[in-house]
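Presented below is the structure to which this report refers.
The numbers here are math on the coordinates, done by the rules we state, and not lab data. Worth saying up front: this structure is predicted, and the values here are computed from it rather than measured. Using ideal geometry, Cβ is built from the backbone for each residue, glycine included, and neighbour counts are taken over all protein chains shown.
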Amino acid sequence: MKWPDHICFGGDYSPEQWDEATFEEDMRLFKLAHVNLLTLPVFAWAKLEPEEGVYDFAWLDRFIDRIWQNGIQVCLATSTCSQPAWLSRRYPEVLPVDIEGRKRTHGMRAFFCVNSPKYRERAAALAHEFGKRYAHHPALAFWHVSNEYGTKCYCETCQKKFRRWLEKRYGSIEELNARWNTAFWGRTVYDFDEIMLPTACNDDYRFQPAIELDYQRFVTDTTRECFLNEAEVLRSYNPEIPVFTNISGFIKNLDQFAMTQVQDAAAWDNYPAPGEAPHIAALKHDVMRGLKGGRSFILAEQSPNQQNWQPYNKLKRPGEVRRLTYQALAHGADTALFFQMRQSAAGQEKFHGALISHAGHENTRVFREMAQLGGELERLGGCFLGSRVGARTALLMDWENWWALENSSGPSRDMDYLDMLARYYEALWSGNVAVDVVNPREDTDYSRYSLVVAPMLYMTRPGVAETLCGYVRQGGTLVTTTMSGLVDENDRCVFGEYPGKLREMLGIWVEETDALRPEEHNGMRMLKGGLPEGAYACDFLCDLIHLRGAEAAAEYTDDFYKGMPVVTRNTYGQGTAWYIGTRPSGKFLFDFFSMLGSSLGIGCEVCADPGVEVTFREGEGKTLFLINHNGEEASAAIPEKGYVDLLSGKAVEGKCTIGPGEVLVLGKTKR
């Protein structure tokens, strides 16, 4: 596979919107900004194929040749996320049907049914045209298929395909009835053609979570097919060019572990909300790195300035884009790509930030900041490309678990899997503990990790619990929480004491779970196990726990279960299993993981002020990123000698200072 040997800097450009004079001026401005890659033409299907089977690529040929003459590579997008009007009008079956049963009309992007045979036929035909013309063009760095998949469709085509998908999955209608427990509420079916999609037209389906869960699996599987419909065409022309699609920041709709399995890289669009805590973007970067087993990912989009589609579109503060970009690079990105390069003249995103604003020149704050960033990335070259983050802590994340947990009716309507992951991640991130995000499967290898954290592992699919128990038995440390071990892969409750297959390893059983209202809380009093002294707050859910070999490390301070265990510790084989039966305060989680980090030797070797993010990437050399998220100067103590500031060339050792909102990138050659 052919990968660029430098950090790709640039992003989405729409030459079809501009005349020749504007394009030539843009080439001048791109050189000033050190742009080395342009993504195009993401939304140009209507221009490339003005009528069925009639293609016009001459204009794109000219643009790509001129871009390459200016020393800029291209990431070629197949343009299939927005089909032309003639396709929607001539073949209305390509248009999706929403959950209310309404067929969407033409006019938006991503408004196609991924299962439409006609859509797939025309998309593959367009991909063939791209492959024939550009697969060996010297400018080509990447193929980019469609854009931000995630549309759900409830049309007749999807209905029929869903039934066949279920038939293949379960083999017989008897097996489906058993796995879905259709005897409940008299849901038994005698033929696959009796099964309906879980639409809003049948309110009861909201309370049949097994159907909704399988529908979400079906959406992922068929969206992956839709991606491969184009990707396999492109690979047939040149298998050396990486192929990917970009993941929207709203990542719940599709199982991204399954989607990226057939892509050459994970790629995502980072659009943090104004004021969003920096650990949220860090978590999502680590998720992206985890999708491909710790390999580098592509930062496909972020905004050079404000977005236009959020409720309040704050300007990015001076230095914010630089800080966000280095945070992505620190967590495993090998690119820094943006939407968009030139601000559009009209349309839904005409006020979305861009390298080149409507002013049309380089004399803007945003252009100056981007040009500075581009120059820095050019100086860094490929010094850390392909290197990995050497984490010894794993955070388990499972899309099917996410769907099943939040589909469940009870015990609380406030169930939020991603929020719970973020709370646990924040405690580790605040202590600068490197984290790999890992998909729990029966064949997952945890041997490299000293600590595995599994918040709300509600669903334990075949082999998952056994693998985790084996990890602890052999000396690992596991932390899991309330709402774990409750159901199987079809959302059927595990009979016997909770938490199901995990209870022997944890040395407990959970009798009941109390759901607290948003305004309610309880408290936790520490007892033993090396935990910090004092009391902590907890809320949301409270498990009533009985000990079966474990020891209580903390107990509740209030309500009728006052004095019952809330945090437990159990020795299992050569390892240790912790259970946290509530949602504890952030202060508890930080103190808890600081204690575990110290005892397991997984703490960060760099001592830094609070608010300074410390991340390492390791390959042939070692790169240390210090990112100051504070509004004032901060410091960090570098314990090793031999580091050099990769941007200034100066040696750095001992205590160093990082300005407010600033970044240091230090490099060290391995001996």
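What to note about this one:
- DSSP assigns beta bridges within segment 393-600; of those with both partners inside it, close to 65 percent run antiparallel.
- Filtered trypsin sites (Lys or Arg not before Pro), segment 535-627: DSSP coil and at most 16 other beta carbons within 10 Å: 548, 562
- Computed over segment 318-368, the range of Cα coordinates on each principal axis works out to 35, 24, 14 Å, biggest value leading.
- Taking a straight Cα-Cα cut-off under 22 Å and skipping sequence neighbours fewer than 8 places away in the same chain, the lysines within cross-link reach of residue 562 are 528, 587.
- Average projection area in nm² (convex hull over Cα atoms of segment 339-381, one quarter of hull surface): 3.2 nm²
- Annotation for residue 238 and residue 174: the two label points, set 7 Å from Cα along the Cα-Cβ direction, are 5.5 nm apart.
- Net charge over other residues, Cβ less than 14 angstrom from the Cβ of residue 318 (K, R count +1; D, E count -1): +4
- Bridges between two residues of the chain, per DSSP, are antiparallel at a rate of about 60%.
- Averaging the sequence gap over all C-alpha pairs within less than 8 Å and six or more residues apart, then dividing by the number of residues, gives the chain a relative contact order of 10 percent.
- Taking a straight line from the alpha carbon of residue 641, these lysines sit under 16 Å away, with near neighbours fewer than eight places off in the same chain left out: 622, 650, 655, 668, 670.
- Sequence-separation-based contact order of segment 393-600, relative, with Cα cut under 8 Å and 6+ spacing, percent: 20 percent
- Computed [θ] at 222 nm, deg cm²/dmol, the chain (DSSP H ≥ 4; -39,500 (n - 2.57); rounded to nearest 500): -9500 deg cm²/dmol
- Shape class of segment 607-669 from the alpha-carbon gyration tensor: prolate, with a/c at 1.5 or above and a/b greater than b/c.
- Counting only Cβ charges, +1 for Lys and Arg and -1 for Asp and Glu, the dipole size of the chain around its Cα centre is about 1060 debye.
- Among the trypsin sites (Lys or Arg not before Pro) within segment 394-500, those in coil by DSSP and having at most 16 neighbouring Cβ atoms inside 10 Å are 413, 441, 448, 492.
- Overall shape: rounded for segment 393-600, with the ratio a/c of the largest to smallest alpha carbon gyration tensor axis below 1.5.
- Placing a pseudo-label 7 Å from each Cα along the Cα-to-Cβ vector at residue 535 and residue 637 gives an inter-label distance of 3.5 nm.
- Residue among 612, 72, 210 farthest towards the positive dipole end of the chain, charges placed on Cβ: 72
- The calculated Kirkwood hydrodynamic radius for segment 265-386 is 15.0 Å, given to one decimal from all distinct C-alpha pairs.
- Spacing of the modelled spin labels on residue 252 and residue 5, each 7 Å from Cα toward Cβ, amounts to 4.5 nm.
- Efficiency of FRET from Cβ geometry, residue 443 and residue 392, R₀ 22 Å, rounded to 0.05: 0.65
- Applying a DSSP loop filter and a limit of 13 other Cβ atoms within 10 Å to the GluC sites (Glu not before Pro) in segment 44-103 leaves 52, 100.
- Listed by chain and number, the aspartates and glutamates whose alpha-carbon sits under 17 Å from that of residue 103, ignoring those within fewer than 8 places in the same chain, are 93, 156.
- For segment 331-361 versus segment 83-101, the gap between their alpha-carbon centres in whole angstrom: 29 Å
- Cross-link table 152/284; 2/292; 118/168; 314/350; 152/292, entries beyond 19 Å C-alpha to C-alpha: 152/284; 118/168; 152/292
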